[in-house]
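The values are calculated or read from the model by the stated rules, or taken from the named source; none is laboratory data. For clarity, every value in this text was computed on a predicted model and none was experimentally measured. Cβ sites come from the backbone with ideal geometry, for glycine too, and all protein chains shown count toward neighbours.
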């Protein structure tokens, strides 16, 4: 760990408290010159660090910058967390690492993405400084490929819990992978997996989740302006680190539990579509993108596998394990 990173870890553990140069030098075994250089480096990255000759240095409690040190102080278990300022896609980067055989539990977090990935081949808007974008590597032995949907739904419940802990707002799930707050989409989830050609089992899964923590300057792009929203409207101290750590804590608590029944009940209870009329979009042949064709249906139930049970206007029933739905106003 570099001197800068050691200094940040010390500041994060003592946020809002004054640390004298003598105390810092003794704890980190570095010189006063090294302290000054590390502080200047952190300030250049946006950290609000005050300095007073008689008191030393203090990281402002108002700071809200995502970092491995900031996330780590809230984690319930040890995870290998890497934080980047900007990447093309956290999922893409982690899949590259997964192919090299790294173990389960690697987490990549980014402050922005230039090519964030969404479901159905879409992009995920990931601007600088307004959100937190996370990918987690899993190597499940108990989940069959056809049950991989459960990983996405576990992440959805964990994301809701993290949002509610930090914001105090109710979070709801639009099947299968979107989280809404106040009628606006604030989270998108994408699970990508590699399946062994030899035995048909999952080699690994990468779960990616993007949180819109704050509204971007100038608003969201026109194509998503009517649907996208943010979890918070004003800056909150350490919100990004708390949301990231909260998600990881809740996700692994669900993922590692022997009995998933409670999580499945929570997923169903948080559903935005249960009992509602929806348009069910079919997928174009040989692709994973919606064809544009849709059928109106009412959502009757959500199964233990988190599949959607619907009844169409013609009276026929269906069970959906994949695809996309849009909520529509109830019929008059």
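Quick notes on this one:
- Residue in segment 31-39 that is closer than 23 Å to residue 129 by Cβ and either in a helix (DSSP H, G or I) or at pLDDT below 95 (or both) present: yes
- Top-ranked residue of segment 259-281 - restricted to ones that are surrounded by 13 or more Cβ atoms within 10 Å (Cβ to Cβ) and farther than 19 Å from residue 178 by Cβ, ranked as modelled with the highest pLDDT: 265
- Residue within segment 56-79 that is loosely packed, with under 15 Cβ neighbours inside 10 Å and not in a loop (DSSP other than H, G, I, E, B) present: no
- Listed by first and then second residue, the pairs linking a residue in segment 28-45 that is outside the structural domain of residue 10 (by TED's automatic domain parsing) and without any contact (Cβ under 8 Å) to a residue 60 or more places away in the chain to a residue that is loosely packed, with under 12 Cβ neighbours inside 10 Å and in a loop (DSSP other than H, G, I, E, B), with Cβ atoms under 9 Å apart and 6 or more places separating them unless they lie on different chains, form an empty list.
- Complete set of residues in segment 1-30 that are touching a strand residue (DSSP E or B) at 6+ places or on another chain (Cβ under 9 Å), over 18 Å from residue 69 (Cβ atoms) and in a helix (DSSP H, G or I): 21, 22
- Qualifying residue in segment 19-36 (condition: buried (at least 16 other Cβ atoms within 10 Å of the Cβ) and within 23 Å of residue 235 (Cα to Cα)): no
- Of the residues making up segment 195-219, those that are out of contact with any helix residue (DSSP H, G or I) (no Cβ under 7 Å at 6 or more places or on another chain) and within 20 Å of residue 90 (Cβ to Cβ) number 5.
- Sole residue being in contact (Cβ under 8 Å) with a residue 24 or more places away in the chain, in contact with a helix residue (DSSP H, G or I) (Cβ under 8 Å, 6 or more places away or on another chain), surrounded by 23 or more Cβ atoms within 10 Å (Cβ to Cβ) and not in a helix (DSSP H, G or I), chosen from 157, 136: 136
- Failed item in (1) surrounded by fewer than 18 Cβ atoms within 10 Å (Cβ to Cβ); (2) touching a residue at least 60 places away in the same chain (Cβ under 8 Å); (3) closer than 27 Å to residue 191 by Cα, with residue 5 passing the rest: (3)
- Contacts under 9 angstrom Cβ, first residue in segment 293-309 being modelled with pLDDT under 85, partner surrounded by 14 or more Cβ atoms within 10 Å (Cβ to Cβ) and assigned to a strand (DSSP E or B), 6 or more apart: 293/281
- Counting only residues that are modelled with pLDDT under 85 and either crowded, with 24+ Cβ neighbours inside 10 Å or not in a loop (DSSP other than H, G, I, E, B) (or both), segment 139-154 holds 4 of them.
- With respect to the conditions (1) in the same structural domain as residue 105 (by TED's automatic domain parsing); (2) under 21 Å from residue 235 (Cα atoms), residue 11 falls short on a single one, namely (1).
- Residue tally, condition outside any helix (DSSP H, G or I) and under 23 Å from residue 230 (Cβ atoms), over segment 160-195: 23
- Cross-chain or 6+ apart pairs with Cβ under 8 Å, segment 80-109 first and outside the structural domain of residue 211 (by TED's automatic domain parsing) and crowded, with 16+ Cβ neighbours inside 10 Å, then at pLDDT 95 or above and assigned to a strand (DSSP E or B): none
- Restricting attention to segment 220-277, the residues that are out of contact with any strand residue (DSSP E or B) (no Cβ under 6 Å at 6 or more places or on another chain) and assigned to a loop (DSSP other than H, G, I, E, B) add up to 16.
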